[in-house]
Amino acid sequence: QFLYDKEPLLRQLEDYTVQRQHREEEKRRTREQKKLQEQLASEKEAVFGSRPNVKKPLGQSNHNTMVGTPVARRVATPSGRLGISGSKERRDSIRVGGLIPVNFVALPKDDPVSRGN
């Protein structure tokens, strides 16, 4: 009688073959189940029509795929280094920008200096 890790070698081999058979049965069951699901899906498709494919083809994505471009990096400004807060200026420019219509065209003022008088 041969021992391996203080157990009979034949018993370990038998246990291994039983475990392997169980794994193979499980694989076979999952394959059969997948086949049945595909068959049911194709039958439904034949009855109700095909469902639109929600998966995108490879190579297309919603993400911006610019390689090597940093995302949302802040640029250091001289005013930021000097401790001057630009938040009020930014807030004012947003407020002013909101009042000007999109189709606004700036025309030169009708003053004597611009006419050359």
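A compact table of results
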| read-out | value |
| --- | --- |
| Matching option when the condition is aliphatic (A, V, I, L, M) and at pLDDT below 95, among Leu10, Leu36 | Leu10 |
| Which listed residue is modelled with pLDDT of 70 or more and either among the hydroxyl-bearing types (Ser, Thr, Tyr) or on the phi > 0 side of the Ramachandran plot (or both), from Asp5, Asp15 | Asp5 |
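The values are calculated or read from the model by the stated rules, or taken from the named source; none is laboratory data. No experiment lies behind these values; they were computed from the predicted model shown.
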